[in-house]
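Participant: This structure is in structure tokens; I'll ask about it shortly.
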Amino acid sequence: MSPSARTVAAGLGCRHRIDEPLSRHTSFRIGGPAELMAFPGTETELSAVLRLARAAGLPYLVLGNGTNLLVGDRGYRGVVIKLTQEFRRAERSGSEVTVGAGSSLPRLVAFCLEQGLAGMEWAVGIPGSVGGALVMNAGAYGGQMSDVVAEVWGLLPGGRRRVIPARLIRFGYRQARYPDGFVITGCRLRLRPGRRQTIRSAMAGWLAKRARNQPLTVPSAGCVFKNPANDSARRLIGLAGMRGKCVGGAQVSAKHANFIVNRGGATAADVLALARRVRAAVDRELGVRLVPEIKLVGER
């Protein structure tokens, strides 16, 4: 542990761990240790983490449910932040929902069903966090976060709070632009009243489709590549003959070719090598350059 990380750890007022294996916190079940991992439960605690990290010159990474993420085998040198407690709450006001960034999407979807609010059915079965969904502009089956976001708030690197209206956020396909170093802590969503049975039926349909088409029983990080315009990365990878191919413990899923799964003991190096092979094959055979959707962090 570096002297800088030791200084930050000594000043923290929230729960934290040293050399925490990130494989415990990612859906891939892959990743080396975090030099320091902090678990703030309030904006005051989070503000302190950010100020201490900044003063020590340490980078920081906010980790939601660890989906759409590949952590390097040597881990992360710096502070990994996992939001807890108040960041996991959801409240309703009319047709709007205020929800913390640390809440899981499945928890938010269940809350909306319970409240009879429609607009988040497309997210059923997505295992990520609300914060991650806002960063990635997560979407599926014709819906996405930008359709329902009214405003997003969080802390700037110095610890100051900022609220950003949706019109000032540059949402794109599986991406959104926020100020550098901005840590999302929550958002307000505009939904619409709906019949619980109608909402439940739509969710059941999407869940059944996921179960048919995606390898949900093995560790993965979701889709590896973004879909090209008017096409499907899954289809292209299959046409390039990469379905079922392996490198070490990593395998291109036979069920959904845009998923790389951890068959057991896969390393980040295995996944990266396999992803490069897939990308090269699609480029060579079909002339399409796939763009990664999953994010690589940490040291290889």
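Participant: Among the residues of the range 263-280, how many are over 22 Å from residue 174 (Cβ atoms), out of contact with any strand residue (DSSP E or B) (no Cβ under 6 Å at 6 or more places or on another chain) and in contact (Cβ under 8 Å) with a residue 40 or more places away in the chain?
Facilitator: Final tally of qualifying residues: 2.
Participant: Among 218, 247, 224, which is the only one that is more than 20 Å from residue 136 (Cβ to Cβ) and in contact with a helix residue (DSSP H, G or I) (Cβ under 8 Å, 6 or more places away or on another chain)?
Facilitator: After ruling out the rest, the residue left standing is 247.
Participant: Now a separate question. How do the strands (runs of 3 or more DSSP E) wholly within the range 236-300 filter down when requiring 2 or more residues that are buried (at least 20 other Cβ atoms within 10 Å of the Cβ): which remain?
Facilitator: Counting at least 2 such residues, we get 250-252, 259-262.
Participant: Something else about it: May I ask you to list the residues in the range 115-136 that are of a type in the set (Val, Ile, Thr) and within 20 Å of residue 204 (Cβ to Cβ)?
Facilitator: Selection gives 124, 126.
Participant: Out of the range 16-32, which residues are of a type in the set (D, E, K, R) and open to solvent by less than 70 Å² (accessible area, probe 1.4 Å)?
Facilitator: Selection gives 20 alone.
Participant: Which condition breaks for residue 180 when tested against (1) within 16 Å of the chain's Cα centre (by Cα); (2) in a loop (DSSP other than H, G, I, E, B); (3) not aromatic (Phe, Trp, Tyr)?
Facilitator: The number of the failed condition is (1).
Participant: Considering each of 236, 290 in turn, give the residue that is modelled with pLDDT of 95 or more and out of contact with any Lys or Arg (no Cβ under 9 Å at 6 or more places or on another chain).
Facilitator: Testing whether each residue is modelled with pLDDT of 95 or more and out of contact with any Lys or Arg (no Cβ under 9 Å at 6 or more places or on another chain) leaves just 236.
Participant: Here's a check for you: in the range 213-235, which residue that is touching a Ser or Thr at 6+ places or on another chain (Cβ under 9 Å) and at negative phi is most open to solvent (accessible area, probe 1.4 Å)?
Facilitator: Once the filter is applied, the top-ranked residue is 218.
Participant: Still on this model: Could you please tell me which pairs satisfy a Cβ distance under 8 Å, a separation of 6+ or placement on different chains, a first residue in the range 144-156 that is modelled with pLDDT under 95, and a second residue that is open to solvent by 30 Å² or more (accessible area, probe 1.4 Å) and part of a strand (DSSP E or B)?
Facilitator: 156/162
Participant: Right, next: Would you point out which residue out of 200, 210 is outside any strand (DSSP E or B), basic (Lys, Arg) and open to solvent by less than 70 Å² (accessible area, probe 1.4 Å)?
Facilitator: 210
Participant: Further question on the same structure: Under 8 Å between Cβ atoms, which residue pairs at least 6 apart in sequence (or on different chains) link something in the range 66-93 that is under 24 Å from residue 270 (Cα atoms) with a partner that is among the basic types (Lys, Arg) and open to solvent by 20 Å² or more (accessible area, probe 1.4 Å)?
Facilitator: Close Cβ pairs (under 8 Å, with a partner that is among the basic types (Lys, Arg) and open to solvent by 20 Å² or more (accessible area, probe 1.4 Å)) amount to 68/295; 69/295; 70/295; 72/300; 73/300; 74/300.
Participant: Filter the range 1-39 down to the residues that are more than 14 Å from residue 75 (Cβ to Cβ), part of a strand (DSSP E or B) and free of Cβ contacts under 8 Å to residues at least 24 places away in the same chain and list them by number.
Facilitator: Result: 16, single match.
Participant: Looking at the range 174-197, which of the residues that are more than 20 Å from residue 129 (Cβ to Cβ) and not charged (D, E, K, R) is surrounded by the fewest Cβ atoms within 10 Å (Cβ to Cβ)?
Facilitator: Residue satisfying both the conditions and the ranking: 197.
Participant: Kindly provide the set of residues from the range 261-300 that are farther than 20 Å from residue 66 by Cα and among the basic types (Lys, Arg), ordered by number.
Facilitator: 276, 277, 279, 284, 289, listed by residue number.
The values are calculated or read from the model by the stated rules, or taken from the named source; none is laboratory data. Keep in mind that this is a model prediction, so the values were computed, not measured. Note that each Cβ is placed from the backbone with ideal geometry, even for glycine, and that neighbours are counted across all protein chains shown. SASA here: full protein model, heavy atoms, side chains in, ligands and nucleic acids out. Shrake-Rupley method; radii C 1.70, N 1.55, O 1.52, S 1.80 Å.
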